[in-house]
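I have placed the structure first, in the form of structure tokens, so that the comments after it can refer back to it.
The values are calculated or read from the model by the stated rules, or taken from the named source; none is laboratory data. Everything numeric here is computed off the predicted structure, so don't read it as measured data. A quick note on method: Cβ atoms are made from the backbone with ideal geometry, for glycine too, and the neighbour counts reach across all protein chains shown.
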Ligand code: SF4
């Protein structure tokens, strides 16, 4: 990892950590290590998929990257500019980057203010960044955005509760698009929606990416969803990145035992293939991030765990070209 500007890289995350304080009684406190020492790059125009079970820290990582929550330490570089530096504690003004970096939330109903009309919700984003000259241009822009996400211009006067979940997510997308961003964190944008409309939203996000040259961090708990939309995939377990590689490589040649178990849980449509597939069952829940297992965080559930796995944190290594993992047996 380096500070030298690479024209292909939009975002670089270096040794990022996010710990939350938790009280454990009698005035004592501990930390939830939601994100532990994560480093990776996102290239311009790509979709970087981030997967892992609930509670693995992927949402915290996504929000830390755009500084919706403040990281504990590490460094974030956006298009060559340092936007967070835990060592220097520089007070970096995010106003200019707020416009460039947007987020689409998992639960569209909770992310839209129920007291505001759809036009007000989208218009608020335009107002904050003063992206229009006069009322007419503002209205035209709102109408354009509603049309862009497949809604009618009359919808501008209605309230969020009058819409279905899929339509609410379209409103959330229009709000994110309003400021003409370059980078969007898509935080499980389809997991709260009916299966029948999930693909419509994914297709729309892909069309927008092609048309507007957007870069996405696409967060999901299901590898089969991320596989289709992503250029590369990062797999997280208990606050750590355990594997990173091209989407097809991760899907067809998973190296880390955790990725193998995640893939093993993905149903295969062909019953013949299904019968012949060796399934690895992942037992138990994700351990508590307050008191994570020693050594490799996955050792309490890993079918291949050895003694060293309990004692030593595995090193992050490039196992094959552009295919990284952290595991003692690789
Ligand atoms: Fe399993 Fe050990 Fe590899 Fe961790 S380091 S994934 S416990 S084999």
> Pairs under 7 Å by beta carbon, first residue under 16 Å from residue 52 (Cα atoms) in the stretch 284-301, partner more than 13 Å from the ligand (Cβ to nearest atom) and in a loop (DSSP other than H, G, I, E, B), six or more apart or different chains?
Replying inline: 286/53; 286/55; 286/56; 289/239; 301/283; 301/284
> In the stretch 25-55, which residues are touching a helix residue (DSSP H, G or I) at 6+ places or on another chain (Cβ under 8 Å) and part of a strand (DSSP E or B)?
Replying inline: 34, 35, 38, 47, 49, 50, 51
>> Show me the strands (runs of 3 or more DSSP E) found entirely inside the stretch 182-263 where at least 2 residues are more than 27 Å from residue 111 (Cβ to Cβ) and out of contact with any helix residue (DSSP H, G or I) (no Cβ under 8 Å at 6 or more places or on another chain).
In response: 240-246
>> Among the residues that make up the stretch 307-324, is at least one of them surrounded by 19 or more Cβ atoms within 10 Å (Cβ to Cβ), part of a loop (DSSP other than H, G, I, E, B) and either within 8 Å of the ligand (Cβ to nearest atom) or at pLDDT 95 or above (or both)?
In response: yes
> Pick from the stretch 56-102 the residues that are under 15 Å from residue 20 (Cβ atoms) and part of a loop (DSSP other than H, G, I, E, B): which of them is nearest to the chain's Cα centre (by Cα)?
Replying inline: 57
> Would a scan of the stretch 239-248 turn up a residue that is at pLDDT 90 or above, surrounded by fewer than 20 Cβ atoms within 10 Å (Cβ to Cβ) and away from the ligand (no atom under 13 Å from the Cβ)?
Replying inline: yes
